[in-house]
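Here the structure comes first, spelled out in C-alpha cells, and everything after it is commentary.
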Amino acid sequence: MLLGLLVLGGALYYSIRTNPDWREFDPEAFYQTLRGLDWRWLAMAAGSIYTTYFLRALRWRVLIRPLKPHPSIWGLVSATIIGFGALGVMGRAGEMVRPYLIARQEKLPVSSQLAAWVLERAFDTLMLLAVVGFAVGQIDLESLRGRPDLHQWIRSAGYAVGISTALVLLLLVLLRRYYDPLSEWLIGRLRFLSEPRREAIRHFLEVFGQGLHSLRDAGSVVMCLILTVGLWLCIVAAYHAVLISSSSGPRLSLTETFIFMGMIMAGSIVQVPGVGGGVQIMAVLALTEFFGVPVEVASGMAVLIWGLTFLAVVPPALALVAWNGLTWRKLRQLESES
C-alpha cells in the first residue's frame, strides 16, 4: 500500500512540475467550486451510494444461501454499513470486519464468509474491468482533450484490463470446478507440517469450500451478476452526479465517466486509514491530465468524491456500532481475530 501511494504521489508531483496550470493554482477558484454546489445532485449521489450497500447485502444473502437459507436482511445491511464505515476509518485493516460480523450474527464459520468475500471481490472486479475495458476500447485521441500523448498509455492499459479479466475468470472457473482436488493437492504438499496443523488447514479449506457452494448454482451466479450490475450502475450514477453538482464542474460523457471511475477505483487500493490519499490523487490526475479540467475544479471534485465514497458511510456506521453495543476498538479486535 505504501509503495502504491508513493507511486501515485510521484505521478502527482510529476504532473505539478510539468503541467503549467499548477503554477497558476487559484485557491479562490477551488473554494468557489465547493461553494457553488447544487445540493440536490449531491443528495442524489449520496442516495445512490447508500443504495449500493443494500444491494451488496442482497448479494451476500445469495452467496451464503446454501449455508443459511434465510439470513436476516437487516443484519446483513447493518454489517455492510459497519464494514464500509470501518474501511473508511481503518483503511484496508477494516476489510475483514464485515465477514466477521456476518459470521457472528448468522452463526456461521468465519472461513465460509471469507469465501463469500472472495466471490464478492471477484464479481466486483469483473464488473469494473468490463466497464473500464469497454470505455478504453472506445476512447481515441480526440477524446483526450488534455494530453493526446497519453493515447498509447491508454491502449496499454486496455491490454492490461483484458489480461486481468482473463485471470479473474480463470480463478472463478478453478474455484467452481477444481476446488476440491486443488485443496487435496495443497494438503498433500504440506506434509512437512505437524498433523494438528495439517488438520487445521484441512478444516479451514473444507469450510471455505462450503462458502463457495453458491458458485456451483447457475441461478445464484446469475442473480449475483444482476445485483453486481445494479450496484455498479448506482456507483456510476453517484460519480456522474458529483461531477455535475458544480456549475464549474466537468461535463464528462458516459464513456469518460467509466474511465474516470476506473482510475478512482485503482486509487482506492492505496487508501490511507482516515486520510484517503490514493482516491484524491487519482481523481486529480485523471481530471487534469486526461480530461483537461482546471486543477482547482479537479481538486474540489476529488475532495467531494473521497468524502462520498469513504466518509459518507461513517455517520450511519457509528450509529449502528452504538446500537449493537460495539466500539471501534472491538471492531479492530474482531478484525485481528478473523
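Values in this text are rule-based calculations from the coordinates and carry no lab data. Everything quoted here is computed from the prediction, not taken from an experiment. Note that we place each Cβ from the backbone using ideal geometry, even for glycine, and neighbour counts take in every protein chain shown.
Structure data summary
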| quantity | calculated |
| --- | --- |
| Spacing of the two label points (7 Å from each Cα toward its C-beta) at L233 and E199, in nm | 5.2 |
| Estimated FRET transfer efficiency when R0 is 25 angstrom, pair T125-R40 (beta carbons, to 0.05) | 0.15 |
| Angstrom value of the Kirkwood radius, inverse mean 1/r, which spans all Cα pairs in the range 190-241 | 14.2 |
| Residues L170, L101, L227, sorted so that the one with the fewest Cβ neighbours within 10 Å comes first | L170, L227, L101 |
| Per-pair calculated FRET efficiency, R0 = 41 Å: W323 and H213 via Cβ, rounded to 0.05 | 0.80 |
